[in-house]
Every structure is written in C-alpha cells, then in structure tokens.
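What follows is a single structure, written as structure tokens, with notes after it.
The values are calculated or read from the model by the stated rules, or taken from the named source; none is laboratory data. Values in this document were obtained by computation on a predicted structure and should not be read as measured data. Heads up, the Cβs are rebuilt from the backbone with ideal geometry, glycines too, and the neighbour counts pull from every protein chain shown. Each accessible area value is taken on the protein alone, full model and side chains, heavy atoms only, with ligands, DNA and RNA left out. Shrake-Rupley method; radii C 1.70, N 1.55, O 1.52, S 1.80 Å.
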Amino acid sequence: MQSNQSIRLLSLARHLIRRTATQASQQTTGATGAGTGESVSSSSGTEQTTHFGFKTVKDSEKEQKVHEVFEQVANSYDMMNDAMSMGIHRLWKDIFVERLGPTHGMRLLDMAGGTGDITFRYLKYLANQANPQQRPSHVTISDINQHMLDVGRERARRLGLTEEQLPNTKIAWQCADAERLPFEDASFNAYTIAFGIRNCTHVDKVLSEAYRVLQPGGRFMCLEFSHLTNDTMQWLYDQYSFQVIPPMGQLLAGQWQAYQYLVESIRRFPKQEPFKQMIEQAGFDMVSYENLTFGIVSIHSGFKL
C-alpha cells in the first residue's frame, strides 16, 4: 500500500522536478564540496558561525531555525519518513535497537527521541524478554522540541506503551538540549541518538555531554544519515535527495524548505571515519561503525570505559 502510494506521489512530483532540476543540480554540486564532513564553526567578527544546510548562519540562530523546522514537520514526521525511505527507515531502526541489545535493568537516554521510534522498539524488545528477577528498566525520551515529544507521548498512549501497561518500567519525557543536558553525571548506562545529531550546532558538545551522563561501561550509539561508499550510487542518491524529497515534502506535508534543509544537512554531516574520530576525541573507547544500505545510514558505537 505504502509503495503504491509512494510511486503515485513520485509521479505527481515529476512536473515539479523538471522546474527545479537546474537548481537541484547546482545544490548537488555544492553538496559534493561540503561532503568532506567537516562540521566546524568558523569565526565571523565576534560571533561564531555554523552551517544550516548549505547556508551559513550565526551560532545563536541555528538552534531556533532547527526548532522551527521540526515544529513544522512534527505532525507529518512519521508519514514522511515512510514516504522518503519507502519504509526502509523502520528496518534501520530495528537493526539499531538489535545492536544495542537492551536488557532488563538498563537506564537509557533516548536523545532526539521525538516521536518515540527508538524508545518504542526498546520497550517492545524488553517486553519480549523474560524478567524473573523483576529488574526495573528506565528510559528517558528527550528532545529539544516539545511538540515532537507531545506527538511521541500521544503515540505511546495509543500503542499501549506506558508505565501503567508495562510492569517494571519507568518512562520519562524530558524537553532538553543535547548540548546542555539537565541530568547528573553517570545517570544512564546507554545513550542513543537517531537522526538527530546532525541538527545540533556543536556536535562535539553533544558527544561530550553524552560521555558525561553515561556511567562507566555505558554505551553510546548513534544512527545517522551518512555517505555512500560508491561514487555512482552517491550521485544517484543525490539526484533522488535533491530532486524528489523536497517536492515530496511539499506534496505530502506542505513543507518544501524544511525538507530542503534536511537533505542539505545530510550532505554537511561528517563522513563515517571523521565522525568516528570525533567520538573518540570525546573520550569514548572501542568506537566502531556499521554501514547500512550501502552507507546511506551508519550506526556508530562507543563505550565509556
């Protein structure tokens, strides 16, 4: 059903694609230059600047701009994920949680948890495991955007994934900035962030905060869009990203610019190896990554030892 709907939507988008092909091609060229993976702020006068997609903005402006993007797309976020990825994002998230391997007694911080996709998989994973010792588990779903959390909390209620319906489980919803977490040191033994870290202004601060709130032995895991390892496939992926996703966002959600930003932000995010090095520089050990779907997304993992 979703595949047929996506095919129809792509057909409807073609007339928009033709009008924007030249612009999209120019943007793709810009993406190639930005795709070296350096997501570093530079100095401009007395205030630092950073990237917002392919635009350069002041540090103080990016947080608000990203907030506005997700305020606009919150209600259509899950539908658009299905349409843009043809549903494959569900498989990526399933694999991500399998790699985490939740166990009873875990204290998870699901950062940029928004509408709950990772948390719901975590809770279902635990529900399918025996817990003879009745060990309590905990998850805190945190996001900088309260609207996204509201959508997630309502989804949890509809799915029956609440404290009242899940024994030995504590669930908290916390609006917070990943660069300035309100939690005490060593509060969690697992930290996940899925499709969120590239939207942060200072990725190094996010990693530092993740390290701080993890207990010794705790695990950091990140699922994020990355860069394909084959140049031809990367070119094809660029064409799809810039010529199809923004028109699709307009048709499905009435949001062209928000999805233009999303595809630009993917190209500005560091490649797999530089991001691995950033995680190591934050203090994590045993850092590794795994490419999924030829590198469209990657799972990075590290431990606080």
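For the pairs K170/K276; K124/K205; K276/K304; K205/K304; K205/K271; K124/K170, flag any whose C-alpha to C-alpha distance is greater than 20 Å. Present the calculation step by step, with values, prior to reporting the outcome.
Values: K170/K276 32 Å; K124/K205 31 Å; K276/K304 14 Å; K205/K304 16 Å; K205/K271 18 Å; K124/K170 14 Å.
Violating the 20 Å limit, Cα to Cα: K170/K276; K124/K205.
Determine the shape class of segment 150-305: with a ≥ b ≥ c the square roots of the Cα gyration tensor eigenvalues, call it rounded for a/c under 1.5, and otherwise prolate if a/b is greater than b/c, oblate otherwise.
Numbers: a/c = 2.05, a/b = 1.23, b/c = 1.67.
In terms of gyration-tensor shape, oblate.
Hey, for a label at E290 modelled as a point 7 Å past Cα toward Cβ, could you say which residues of segment 111-155 have their backbone N under 18 Å away?
Answer for segment 111-155: 118-119, 121-123, 125-126.
Cα gyration tensor of segment 112-215, axes a ≥ b ≥ c as square roots of the eigenvalues: rounded (a/c below 1.5), prolate (a/b > b/c) or oblate? Intermediate results must be reported in sequence, preceding the final value.
Values: a/c = 2.27, a/b = 1.42, b/c = 1.60.
Note, shape of segment 112-215 comes out oblate.
State the volume of the convex hull built on the alpha-carbon positions of segment 157-217, expressed per residue in Å³ and rounded to an integer.
Working: hull volume 7.4 nm³, N = 61.
Given the Cα convex hull of segment 157-217, per-residue volume reads 121 Å³.
Taking a ≥ b ≥ c as the square roots of the Cα gyration tensor eigenvalues, with a/c under 1.5 meaning rounded and otherwise prolate when a/b beats b/c, else oblate, which class fits segment 126-180?
Here segment 126-180 falls in the oblate category.
Could you state the number of Å between the C-alpha centres of segment 127-190 and segment 218-294?
26
Which three extents, in angstrom, do the Cα atoms of segment 183-244 have along their principal axes, listed largest first?
Over segment 183-244, Cα extents along the principal axes are 44, 22, 17 Å.
Over the residues of segment 214-305, compute the C-alpha Rg and express it relative to 2.2 N^0.38 Å. Intermediate values should be presented prior to the final figure.
Details: Rg = 15.8 Å, N = 92, 2.2 N^0.38 = 12.3 Å.
Dividing the Cα radius of gyration by 2.2 N^0.38 Å gives 1.29.
Students often check this: by mean Cβ neighbours within 10 Å, which of 95-107, 293-305, 192-204, 236-248 ranks highest, and how do the rest follow?
On the way: 95-107: 17.0, 293-305: 19.2, 192-204: 22.8, 236-248: 20.8.
Packing proxy ranking, top to bottom: 192-204, 236-248, 293-305, 95-107.
Just to verify a number: what accessible area does T229 come out at with the full protein assembly present, 1.4 Å probe, Å² rounded to tens?
Probe radius 1.4 Å; accessible area of T229 about 110 Å².
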